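To start, the structure under review is shown below, and the notes come after it.
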Amino acid sequence: MKKVAFVAPTFPVLSETFIRTEIDSIESCGHDVCVMTFEKHLSAQKFSYPIYEVGESFSFNFLARISPSNLYNCIQFVMEQQSMPKRSLFYYSVKLASQMAKLNVEHVHAHFAQHTTSHSIAAAKLLGISCSFVSHGHDIYEHAFDIPLKLKRSDFAVAVCNDMKEDFLKLGNNNIKLLHCGVKTSLFKPQSKLKHNKIRLVFLGRLVEPKGVTYLLQSMQGLCETYPVTLDIVGDGELSEELKHQALALGIAKHVNFLGSKEPCWVQENLPQYDCLVAPFCVAQSGLVDTGPLVLKEAMAVGVPVITTNIMGCKEIVAPGTGLMVNEKDATALAQAIERFLRLPAERRQQMGQDARRNVERNFDALKQARVLSRWIESAAH
């Protein structure tokens, strides 16, 4: 099987567990894998694969291996693209290609359709190997650069939801694939819930505009004094202080707990103890939008129903009976959905969680998704 290099802007990143999940799963499929990143973070977490910083080593022997046709293909792409300084792109692509050549990489797969994809395509052209990329949202809907060219020059591109696939097809009818990000169902498992005298809601994610937390707090205002409910907000971000002030202004601060960022192990251990995950995603003013939120699948995998909005990939994740969906940026509709959930009998809430788990096992298991990606990688021609 092909040795695969995954290219990421920064690695590892706490909020980008979807990258680690995919790498682990591709490795489980039998591929030898490595990570190439432009900024390597120190991490206490141990990885079974090596992580290299682009440019940390270079072999001049590699230059003798570059064929004229491969050099031409690389330069052609570098000159056609408009989003990066051409000299810089070529320089770092040669460095990346040198490192991958030394590691005998046979396929390069980039996460995010920005500079990582540009460098990956150029380096793959130099080496004469196959390449692909996957987009996750902001790189298409907020800061998109040379997307039609990247679709044309890669062996295949992965969209993480149907709406994104349709948008890709409008830009270029290349080899575009649909593959939802997967969940390690072996790690995210339902647990017996401890008894509580309140229904526990949770939000999990970065505290930024497209997560819609401001609408969640608005929706809770009329519910906290009527129902035995608490809300834990797990995450941090630029809106953290603003949201805390909002909770105080709404008079719900005693019902809302801001827990800050948590490691993935905390999420795996504690998420099953909640009754519902509320994730009111929305489209930010900049166009940024969550295209296939992994947190929805993680919650459903541990048997926790979800309440979210019917945008992008969310509507492909939440099957009937596994949660509730409302329109984005509608605090009134969100409050009604939460109230509807709070009034359900405990047995019905439990059944929703069980159905959610089955939905994830059937449609979003990481190993199943990786096997599909592995077949695409193997079939991509050198």
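The values are calculated or read from the model by the stated rules, or taken from the named source; none is laboratory data. Just so you know, these numbers come straight off a predicted model, no measurement behind them. Every residue, glycine as well, gets a Cβ built from its backbone with ideal geometry; the counts of neighbours run over all protein chains shown. Ligands, DNA and RNA are stripped out before the accessible areas are found, and what is left, the full protein with its side chains, is counted by its heavy atoms. Shrake-Rupley method; radii C 1.70, N 1.55, O 1.52, S 1.80 Å.
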**Asked** Which net charge results when you count Lys and Arg as +1 and Asp and Glu as -1 among the other residues whose beta-carbon is under 15 Å from that of Asn270?
**Response** -1
**Message:** I'd like to check one number: the per residue accessible area of the range 199-364, probe 1.4 Å, reported in Å² as a whole number.
**Reply:** 40
**Request:** Give a quick list of GluC sites (Glu not before Pro) in the range 202-254 that DSSP marks as loop, anything other than H, G, I, E or B, with at most 13 other Cβ atoms within 10 Å.
**Result:** Glu225, Glu238
**Prompt:** Under a point-charge model restricted to the Cβ atoms of Lys and Arg (+1) and Asp and Glu (-1), what is the dipole moment magnitude of the chain relative to its Cα centre, in debye to the nearest 20?
**Reply:** 720
**Message:** Sort 114-123, 28-37, 93-102, 252-261 by packing, meaning the average of other beta carbons within 10 Å per residue, with the highest value first.
**Reply:** 114-123, 93-102, 28-37, 252-261
**Request:** Quantify, in whole percent, the carbon and sulfur part of the accessible surface of the range 199-364 (1.4 Å probe; protein heavy atoms only).
**Result:** 46
**Prompt:** For Ala97, what is the net charge nearby, where nearby means another residue's Cβ is under 11 Å from its Cβ and Lys, Arg count +1, Asp, Glu -1?
**Reply:** +4
**Item:** Farthest positive-ward along the chain dipole, Cα basis, beta-carbon charges - from Leu217, Ile140, Ser69
**Value:** Ser69
**Request:** Arrange the residues Leu14, Leu250, Leu151 by how much accessible surface each exposes, largest first, with a 1.4 angstrom probe.
**Result:** Leu14, Leu250, Leu151
**Complete:** Regression test value, accessible area per residue of the range 31-179, probe 1.4 Å, units Å², expected 45
**Solvent-accessible surface ranking, highest first, for Arg349, Arg343, Arg206 at 1.4 angstrom** = Arg343, Arg206, Arg349
**Prompt:** Which value at 222 nm does the chain reach when only helices count, each DSSP H run of 4 or more adding -39,500 (n - 2.57), with the total divided by all residues and rounded to the nearest 500 deg cm²/dmol?
**Reply:** -12500 deg cm²/dmol
